[in-house]
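Below: one structure, written as structure tokens.
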Amino acid sequence: MAYSDYQELLHIARENFIQGKYDKSEPMLKQLLLTNHREPEVYQMLATIFYEQGKFNKAIKTFERALEIDPNYTDASIGLSIILNDLGRYEEGKRVFEQAQRRLDDKKSKMDPYIKDRIAKKHVEIAALYSQHFAYEEAAEQYKKALKLSPDAEDIVVNLAESYVKQDLASEAIAALKAFLQLHPNAIGPRLKLGIIYYHANKMIDAVEQWEYILELDHSHQEAKSYIQMAQSAGVTDLGV
């Protein structure tokens, strides 16, 4: 199939890439490089395809080429850091990501909220990778960075708390959740998590207080009801429910 110009081919290659149709996107991207070898997005998409194909060395070199063209190309930095982490090259992956982060630090105050959200999601992806490899301290650092960019995100603070729990740092988990709930008192997910942490710390009354608060917000919340019943079975009987 013939395409009228470079931008049309790039658009179609990008659409196929987004839809996961890498077998269609890859030859188009390679064709684009014959016309313009200075487009970092093309290298970033190709590198991602190589990564999915298990061609890790080729993916690394292609991500690096994208960054040679544009050192500020965040998606390439994130992709490179992820593959380095997957290969167990944690320090290299961390360094690549932190370099990208430093380049963005000066722009944060003027950053579009959409961009902040995208960067926060990348921090969460890195944190999840660290967690998969039981590197919970590093995961916590990434979740904290994500939370600074998305301070209203309940799932991020819950994951941050869990990464602390995995390190046997219940007090830090409690502090993070309580700080969030001071600003967002009706956030159900963090309050549910706080109750669970209290429960496992044998602070039954404190745990039940959190779950009762959730039921005040949502009388039909099944998890909160189940946890209260669990506390009752554990011997806490005067719960006011």
**Report entry** Number of the exception - L149 against (1) out of contact with any Asp or Glu (no Cβ under 6 Å at 6 or more places or on another chain); (2) within 24 Å of N16 (Cβ to Cβ)
**Finding:** (2)
Report task. Could you grab me the full set of residues in segment 183-213 that are closer than 14 Å to I228 by Cβ and without any contact (Cβ under 8 Å) to a residue 24 or more places away in the chain? Result -> R191, D206, E209, Q210, W211, Y213
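Taking the conditions exactly as written (crowded, with 23+ Cβ neighbours inside 10 Å and not aliphatic (A, V, I, L, M)), does N186 satisfy them or not? If you could, list the steps in order and put the result at the bottom.
Details: crowded, with 23+ Cβ neighbours inside 10 Å: no; not aliphatic (A, V, I, L, M): yes.
No; evaluated as a whole, the condition is false for this residue.
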Report task. Pull up segment 26-73, narrow it to residues that are at pLDDT 95 or above and hydroxyl-bearing (S, T, Y), then point me to the one that is surrounded by the most Cβ atoms within 10 Å (Cβ to Cβ). Result -> Y43
Query raised in the report: Pick from segment 168-183 the residues that are surrounded by 14 or more Cβ atoms within 10 Å (Cβ to Cβ) and not β-branched (V, I, T): which of them is nearest to S150 (Cα to Cα)?
Result: F180
Report task. Scan segment 141-176 for residues that are in contact with a Leu (Cβ under 6 Å, 6 or more places away or on another chain) and farther than 10 Å from P190 by Cα and jot them down. Result -> Y143
Requested in this report: Can you work out which of the residues in segment 62-105 that are without any contact (Cβ under 8 Å) to a residue 12 or more places away in the chain and part of a helix (DSSP H, G or I) is nearest to Y143 (Cα to Cα)?
Outcome: E98
Report task. Would you kindly identify the helices (runs of 4 or more DSSP H) lying entirely within segment 1-61 that contain at least 1 residues that are free of Cβ contacts under 8 Å to residues at least 24 places away in the same chain, of a type in the set (D, E) and more than 26 Å from V96 (Cα to Cα)? Result -> 6-18, 22-35
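The values are calculated or read from the model by the stated rules, or taken from the named source; none is laboratory data. These figures come from a predicted structure and were not determined experimentally. Here Cβ is always computed from backbone atoms with ideal geometry, including for glycine, and neighbour counts include all displayed protein chains.
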